[in-house]
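S.K.: Below you'll find the structure I mean.
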Number of protein chains: 2
Amino acid sequence: MNTRTLVKDLAALPDGPVTVAGWVETVRDQKKVQFIILRDESGAVQLVNPAVRELDPEGVSVGAAEALALTEQISALGHGTFISVSGDLKHDERVKLGGLEVKIGSLDVVSEALETPIAADSSLDKRQDWRFLDLRHPRQNLIFRIQTTFLHALRTYWVERGWIEIQTPKLMASASESRAELFELGYFEGTAYLSQSPQFFKQMAQPAGFGRVFEVGPAFRADPSFTSRHATEFTSIDAEMSWVDSHEDVMTMHEEVLVAAFTAVKDRHGAEIQELFGVEITVPSTPFPRIPLAEAKEIVASRGYVVPRTDADMDPEGERQISQYVREELGHEFVFLTDYASSIRPFYHMRHADDAGLTNSYDLIFNGVEISTGAQREHRVDVLIEQAKEKGLEPEELDFYLDFFRYGVPPHGGFGMGLARVLMLMLHEHSIRETTYLFRGPTRLLP
Amino acid sequence: MNTRTLVKDLAALPDGPVTVAGWVETVRDQKKVQFIILRDESGAVQLVNPAVRELDPEGVSVGAAEALALTEQISALGHGTFISVSGDLKHDERVKLGGLEVKIGSLDVVSEALETPIAADSSLDKRQDWRFLDLRHPRQNLIFRIQTTFLHALRTYWVERGWIEIQTPKLMASASESRAELFELGYFEGTAYLSQSPQFFKQMAQPAGFGRVFEVGPAFRADPSFTSRHATEFTSIDAEMSWVDSHEDVMTMHEEVLVAAFTAVKDRHGAEIQELFGVEITVPSTPFPRIPLAEAKEIVASRGYVVPRTDADMDPEGERQISQYVREELGHEFVFLTDYASSIRPFYHMRHADDAGLTNSYDLIFNGVEISTGAQREHRVDVLIEQAKEKGLEPEELDFYLDFFRYGVPPHGGFGMGLARVLMLMLHEHSIRETTYLFRGPTRLLP
């Protein structure tokens, strides 16, 4: 194994020999001294070399030819070239970048680079074309280190409490929720569909007696829209738990797991996020505010915005407005909007015992945008069938799903949450394209 | 929230009131006493009720009507019914099942069950039809708790060492490795393909400067075979790391992460695995044996088995044989077969510097079956293009991938490993259908 030291680990080492490896961010090729800023996945370090521009015509000193060669090698280095450098680490508080530098002993050019086609002011679309270069930027790198920490904290919360991780299939024989926005593919002699969500299969874990399950995996929507919040493929974080009394139990779990994840992100990356994004990460206090949707619409209306929809739903501007209200009045970045009308919820959401017009469901709004939908599920098969019919679905087509409820099933509920949206809103970014490793949209399948 | 106690937590509680909830595994309805075995995701417990078969005709005592009703309710309970029971926990070492029982105070039938269509001796195919009932079996439940522990241990190993978790897209504009076995779908006005592996996209993290990355996610193969080891959709565990000197560095990491995961599984589930599968989990010692493939074929031949292939590859029987040899001679369940011929490896495997006929690659065999392929990747774009051409690929079609190597890239390598195969072999199961939540094959898309 290459015995390179990560840049972030240099600070803790004593002065002496080290090997570092990464790519050339900049070269300052001055007459008497050359500087390279070398970056790796953990940070950047200054490398220094006293330039030797010509051989002494009087008499060649030992090593002079090598020194000249090294100087010329550094002069020729292009941005993005991957190099491995052995040299001497020296702590020196005058060095702005981390208070240390490495005096170059030897330098290996491992992989040369064509000139980068993107710049700091390139359009988002162009940066997407060259995503593998765009990701070299420290902000982009940080996003995915945050993602790593965020996901691991969620999973750790669940694993430590005895939840089971499932991997549900993305190939299905029929639609999971709606025929609209469904990708269809030839499957041997027949047809298959790409899963729009693990909804049915995570519910299957309930009659299976798994109790509490989670999954992090892709979901697919043949959604032709081009907003900053939609993708044709996205990472969905899903949880489903048995023996809930209502959606309130789901919300309690939901806020706890988010607190665990935000705490981990703040602890591990808070200072860097402040530095690179100018954002102070706030670990949300619990309970998160809860506002019934009908009341939220009244609040928004009283602030002068009437949701321009003919159905009972909120719209994105309404979500921004209620979020702003909650921030101003309650000092919170999150709000659960609860008790959505049955008319705008899927057939499998449980309805209020005393008002079939409302569901035991919620959306979670974070900094103005919906990141998640949760609900208690209807587990009584006769009621479920009625609700499916009412939505115009054919119970026959849903038979494999309805079977899950015919052989005994506990009351249950859960949520689905979009990973890229959470990261976008956490970092005050403007598009999920920035917080998705490789975005997929109606006109984007590459790289 | 329902304040049920998980069955596994009863042992630590003092005698007194408890609520448990789960499904009815059996009812023994004796004349004077009734027993229910109730199971939840954590275990099974005996519930007991003194039967009251008729009202005393002389004078009805207080509560006698309720006692009669409870008795009749229990008599009517069907297998699989989900119930919630409040009662009195009593530790009693005479009770075979866990040394405790719960005397039933009240019983709620939460969800009735049709009679189960599967039995212990049902065929694997029929059990797959009713997977959500099949999964209620303690062995099946344990498999997915092991999966949870196994995955969390792998990820924890990586996360603690600074690896980045990526979620690569499953929708691609072109094939990742081969046009064969590729699912194709209509994508708006064009065509997309389902990813056969995250190979190209995890490699993309290398020029992106991510250093070391991992992913756990689905992969898709339009593979028409019906073996016990193949599926059209499977969970792939992928790792890719920068700055390797050869595949040896990948193998070292690979064995370390497996040791971490097997240690976690043994610590957490070893006793239960022994009980339910009759398998003693062995944490493998490092280094795992390494045998060049050519040598492995000679060993197998010397034991009387000549691999019946015209190419340089091993076959499944050869893998079983070399695995048996390693177990007998070296006492190890794992073996790395190394240095596969270039002719049978993908174009992106790096070849030996001194013998272009061999690659810096390996397969990992576990208990007789291949679970993983790893390699150092060719990162020199000119060599890579030559190797692609030699394999009959069109460099133009691979252009988006080749670009990853034109703007600077560190030497790197990694592996892909099939989750269901590891679990199958760990537990001495005979098919990945047993270790996949919902198996997908050429004729299996349901449930």
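The values are calculated or read from the model by the stated rules, or taken from the named source; none is laboratory data. Keep in mind it's a predicted model, so treat the numbers as computed, not measured. Positions of Cβ are generated from backbone atoms using ideal geometry, with glycine treated the same way; all protein chains shown enter the neighbour counts. Ligands, DNA and RNA are stripped out before the accessible areas are found, and what is left, the full protein with its side chains, is counted by its heavy atoms. Shrake-Rupley method; radii C 1.70, N 1.55, O 1.52, S 1.80 Å.
S.K.: Can you pull the accessible area of B:Thr168 for me, 1.4 Å probe, Å² to the nearest 10?
M.R.: Roughly 10 Å² of B:Thr168 is accessible to a 1.4 Å probe.
S.K.: Considering Cα pairs under 8 angstrom that are at least six residues apart, work out the relative contact order of the stretch A:1-137 and quote it in whole percent. Could you put the intermediate results ahead of the total?
M.R.: Values: 256 pairs, mean separation 31.6, N = 137.
Answer for the stretch A:1-137 is 23 percent.
S.K.: Enumerate the amide H contacts of B:Phe183 below 5 Å, restricted to partners 5 or more residues apart or on another chain; note that Pro and chain-start residues carry no placed amide H.
M.R.: B:Leu194, B:Ala222
S.K.: Counting pairs of alpha carbon atoms under 8 Å apart in space and at least six apart in sequence, what relative contact order in percent does chain B give? Present the calculation step by step, with values, prior to reporting the outcome.
M.R.: Numbers: 834 pairs, mean separation 55.3, N = 447.
In percent, rounded to a whole number, it is 12.
S.K.: Additional query: What spacing in nm lies between the two simple spin-label points modelled at A:Glu397 and A:Thr263, each 7 Å away from Cα in the Cβ direction?
M.R.: 4.5 nm
S.K.: Find the percent of Cα-Cα distances in the stretch A:213-265 that exceed 19 Å, and round it to a whole number. Intermediate values should be presented prior to the final figure.
M.R.: Working: 667 of 1378 pairs.
Every Cα pair in the stretch A:213-265 considered, those over 19 Å come to 48 percent.
S.K.: Roughly how big is the A-B contact, given as buried accessible area in Å² (both sides, 1.4 Å probe, nearest 100)? Walk me through the numbers before you get to the answer.
M.R.: Working: alone 21820 and 21810 Å², together 35110 Å².
Buried: approximately 8500 Å² between B and A.
S.K.: Treating only the Cβ of Lys, Arg, Asp and Glu as charged (+1, +1, -1, -1), what charge dipole size does the protein assembly as shown show about its Cα centre? Round to the nearest 20 debye. If you can, show how the numbers build up before the last one.
M.R.: Values: 88 positive and 136 negative charges, 101 e Å.
Magnitude of the dipole: close to 480 debye.
S.K.: Between B:Leu358 and residues 5 or more places away or on another chain, which pairs have amide H atoms under 5 Å apart, with H built 1.01 Å from N, and which residues are they?
M.R.: B:Ser342, B:His352
S.K.: Then there's this: Which positions within the stretch B:1-45 get 40 Å² or more of their accessible surface covered by the other protein chains, compared to the chain by itself, with a 1.4 angstrom probe?
M.R.: B:Met1, B:Asn2, B:Arg4, B:Glu41
S.K.: So what J values fall out for the stretch B:163-173 if you push phi through Karplus, 6.51 cos²θ - 1.76 cosθ + 1.60 with θ = phi - 60°, rounded to Hz, Gly and Pro as x?
M.R.: For the stretch B:163-173, the Karplus-derived couplings read 5, 9, 8, 10, 10, 8, x, 9, 8, 10, 7 Hz, x marking Gly and Pro.
S.K.: Moving on. Considering only protein heavy atoms, with the full assembly of protein chains and a 1.4 angstrom probe, order A:Val306, B:Val265 by accessible area, largest first. Don't skip to the answer; put the middle values down first.
M.R.: Working: A:Val306 110, B:Val265 0 Å².
Heavy-atom accessible area, descending, gives A:Val306, B:Val265.
S.K.: Here is a follow-up. Report the percentage of all Cα-Cα pairs in the stretch A:191-301 whose separation exceeds 25 Å, rounded to a whole percent. Working shown, then result.
M.R.: Numbers: 2938 of 6105 pairs.
Percent of Cα pairs beyond 25 Å in the stretch A:191-301: 48.
S.K.: Largest first and in whole Å, give the semi-axes of the stretch A:44-100's equivalent ellipsoid, each being the square root of 5 times a Cα gyration tensor eigenvalue.
M.R.: Numbers: eigenvalues 129, 49, 18 Å².
Ellipsoid semi-axes (Å, largest first): 25, 16, 10.
S.K.: Can you list the residues of the stretch B:282-300 with backbone N under 13 Å from a point 7 Å past the Cα of B:Asp311, pointing along Cα to Cβ?
M.R.: From the stretch B:282-300, the list is empty.
S.K.: Putting +1 on Lys and Arg Cβ atoms and -1 on Asp and Glu Cβ atoms, find which of B:Leu358, B:Ile281, B:Thr252 reaches farthest to the positive end of the dipole of the stretch B:127-435.
M.R.: Farthest along the dipole direction, towards plus: B:Ile281.
S.K.: Hey, another quick one. Using the Karplus equation 6.51 cos²θ - 1.76 cosθ + 1.60 (θ = phi - 60°), what ³J(HN,Hα) coupling, rounded to whole Hz, does each residue of the stretch B:219-224 give in order, writing x for Gly and Pro?
M.R.: So the Karplus estimates, Gly and Pro as x, are 9, 10, 9, 7, 8, x Hz.
S.K.: While we're here: What is the sum of charges around A:Thr338, taking Lys and Arg as +1, Asp and Glu as -1, for the other residues whose C-beta is under 12 Å from the C-beta of A:Thr338?
M.R.: Details: positive: A:Arg290, A:Arg345; negative: A:Glu248, A:Glu295, A:Asp339, A:Asp363.
Summing Lys and Arg as +1 and Asp and Glu as -1 gives -2.
S.K.: Suppose we keep just the DSSP beta bridges with both residues in the stretch A:7-111; what percent of those would be antiparallel, to 5?
M.R.: Expressed as a percentage, antiparallel bridges in the stretch A:7-111 total about 90.
S.K.: How would the protein assembly as shown be classified by its alpha-carbon gyration tensor: rounded, prolate or oblate, with rounded meaning a/c under 1.5 and the a/b versus b/c comparison settling the rest? Write down the numbers at each step before the final one.
M.R.: Values: a/c = 2.01, a/b = 1.51, b/c = 1.33.
It is prolate, given that a/c is not under 1.5 and a/b is the larger ratio.
S.K.: For the stretch A:4-153, what class follows from the C-alpha gyration tensor (a ≥ b ≥ c being the square roots of its eigenvalues): rounded when a/c is under 1.5, otherwise prolate if a/b is larger than b/c, else oblate? Mind dumping the intermediate values first?
M.R.: Working: a/c = 2.65, a/b = 1.57, b/c = 1.69.
It comes out oblate by the Cα gyration axes.
S.K.: Based on C-alpha coordinates, I'd like the Rg and Dmax of the stretch B:127-435, in Å.
M.R.: Final numbers for Rg and Dmax: 19.5, 59 Å.
S.K.: Something else: Check which residues have an amide H placed less than 5 Å from A:Ile164's amide H, if you skip close sequence neighbours.
M.R.: A:Arg212, A:Val213, A:Phe214
S.K.: Any of B:Lys126/B:Lys202; A:Lys202/B:Lys90; A:Lys170/B:Lys202; A:Lys126/B:Lys170 with alpha carbons more than 31 Å apart? Name them for me.
M.R.: Violating the 31 Å Cα-Cα cut-off are B:Lys126/B:Lys202; A:Lys202/B:Lys90.
S.K.: In terms of the Cα gyration tensor, with a ≥ b ≥ c the square roots of its eigenvalues, is the stretch B:85-165 rounded because a/c is under 1.5, prolate because a/b exceeds b/c, or oblate?
M.R.: Details: a/c = 2.46, a/b = 1.39, b/c = 1.77.
It is oblate, given that a/c is not under 1.5 and a/b is not larger than b/c.
S.K.: Another question, if that's okay. On the full set of protein chains, 1.4 Å probe, figure out the accessible area of A:Glu298 and give it in Å² to the nearest 10.
M.R.: 130 Å²
S.K.: Name the residues of the stretch A:241-256, by number, that are at least 30 Å² less accessible with every protein chain in place than in the isolated chain; the surface is that of heavy atoms, probe 1.4 Å, without ligands or nucleic acids.
M.R.: A:Trp243, A:Asp245, A:Asp249
S.K.: Let me ask something additional. So what is the relative contact order for the stretch A:293-447, in percent, with contacts set as C-alpha pairs under 8 Å and at least six apart?
M.R.: About 16 percent, as a whole number.
S.K.: Loop-only check: which chymotrypsin sites (Phe, Trp or Tyr not before Pro) in the stretch B:399-447 are DSSP coil with at most 12 other Cβ within 10 angstrom?
M.R.: Working: sites: B:Phe400, B:Tyr401, B:Phe404, B:Phe405, B:Tyr407, B:Phe415, B:Tyr437, B:Phe439; in loops: B:Tyr437, B:Phe439.
The qualifying sites: there are none.
S.K.: Using the Cα atoms as the points, what is the convex hull volume per residue of the stretch B:1-86 in Å³? If you can, show how the numbers build up before the last one.
M.R.: Working: hull volume 9.6 nm³, N = 86.
Once divided by residue count, the hull of the stretch B:1-86 is 112 Å³.
S.K.: Report, in debye and to the nearest 20, how large the dipole of the stretch B:63-186 comes out about its Cα centre when Lys and Arg carry +1 and Asp and Glu carry -1 on their Cβ.
M.R.: Numbers: 14 positive and 18 negative charges, 99 e Å.
Here the size comes out at about 480 debye.
S.K.: Moving to a separate point now. In whole Hz and in residue order, list the ³J(HN,Hα) couplings for the stretch B:123-140 that follow from phi through the Karplus curve 6.51 cos²θ - 1.76 cosθ + 1.60, θ = phi - 60°; x for Gly and Pro.
M.R.: Running phi through 6.51 cos²θ - 1.76 cosθ + 1.60 with θ = phi - 60° gives 5, 4, 5, 5, 4, 5, 4, 10, 3, 5, 8, 4, 5, 5, 5, x, 5, 5 Hz.
S.K.: Report, to the nearest whole %, how much of the accessible area of chain A belongs to carbon and sulfur atoms, 1.4 Å probe, protein only.
M.R.: Values: 8900 of 17560 Å².
Reported share for carbon and sulfur atoms: 51 percent.
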